[in-house]
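Please read the structure below before turning to the comments.
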Amino acid sequence: MFKVIACMAAGMVSGRLLRIKGLQKPIIAVTWLLLLFLGWETGSDREVIRALPSIGLAAAVLSMGGIAGSCALAWLLWKNMGGRTERKGAESTEAGRMPVTEHTSGKGVSIWSGMGGSLVILGFFIAGIALGLSGLLSDSSIVHKLGFWSLCILMMMVGMSVGGNPELADSIKSMNPRIALLPLATILGTYAGCIIVNLFLGYGIADVLAVGSGFGYYSLSSVLISSSRGPHLGTIALISNIIREVFTLLCAPFIARIAGPLAPIVSGGATTADTTLPIISSCCGEKFVLISIFHGFVVDFSVPLLVSLFCTLGA
């Protein structure tokens, strides 16, 4: 993760110095490539594929419950802030409306155009799964490395786009201090949503909270849960948190339109400082990039602590 953030920092510096613009289309293209590799890596994992029929539904329900709960709290926070990310008196963005940035080019983004982009992303992800299932490249570590380098390139371009925006510094200075509550909204909202949907599943409360505590960080959380609570719950955690990340990548424009620009950030959970940051920047605007990074760091570092806590309580 720190290498990815370093790539973005280098991009911000170069973007600041060179004032690089016009990166919207390259960012979208690399995002498609990243989704292809993500799907490829998922399809190459036979254990995940075999587990989908038996426990996929439970994982999906827990994932959607956590996302819905965190988005609800993010919407309440956005409304409490008056639909602003700036301090009182500064120019603000109305709730649910995308700010005018390089990504939006001053034009409104309709639901249908957002759906078209999501369908393309879904197509690349499904194509990646098909490649993984085909066994075209048996060494999944190669696919993982290709995905990682694609992510590094993507983050560097996002950094260039942000660094080339001269209005960004003013946006940071005028940021509403209540935005620091956003990681708490993600954590508490996820827990509330998981507890509610578990009424239909019947797992132990500590177990579903351990799964929810992954916040999209599927690799670390699934390993911790598998070692403590067994492979069944660990596989649920893996699939559930993969779903959370992919859902955010696919549906961020719709989430932003329905629940405000903070909602895609809480939906992405621990991934908002890296994997889901480009789509958040694209659909919410560059002024939300640093909010997203701050949120991602806080939630990311909470994952091992909270997962370990609930695994211990559920033992």
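A few comments on the model shown:
- The P(r) of the range 207-257 has a tail past 14 Å containing 46 percent of all C-alpha pairs.
- Projected label distance in nm at Ala127 and Leu220, using a 7 Å step from Cα toward the beta-carbon: 3.2
- Averaging the Cα positions of each part gives two centres, and for the range 280-305 and the range 16-42 these lie 18 Å apart.
- Shown here: the range 1-44, whose C-alpha atoms stretch 41, 26, 7 Å along the first, second and third principal axes, sorted largest to smallest.
- One compactness figure for the range 201-315 is 1.08, namely its Cα radius of gyration divided by 2.2 N^0.38 Å.
- Note on Ser308 and Lys21: with the Förster distance fixed at 41 Å, the Cβ-Cβ geometry gives a FRET efficiency of about 0.40.
- Inter-label distance for Ile195 and Phe254, nm, one decimal - labels placed 7 Å from Cα along Cα-to-Cβ: 2.8
- For the range 1-81, alpha-carbon Rg over 2.2 N^0.38 Å: 1.62
- Accessible solvent surface per residue of the range 185-292, calculated while the other protein chains remain in place, 1.4 angstrom probe, Å²: 28
- Apportionment of accessible area to carbon and sulfur, the range 216-299, percent (1.4 Å): 69
The values are calculated or read from the model by the stated rules, or taken from the named source; none is laboratory data. Just so it is clear, the model here is predicted, and its values are computed rather than measured. Every residue, glycine as well, gets a Cβ built from its backbone with ideal geometry; the counts of neighbours run over all protein chains shown. These accessible areas exclude ligands, DNA and RNA; they are computed on the full protein's heavy atoms, side chains included. Shrake-Rupley method; radii C 1.70, N 1.55, O 1.52, S 1.80 Å.
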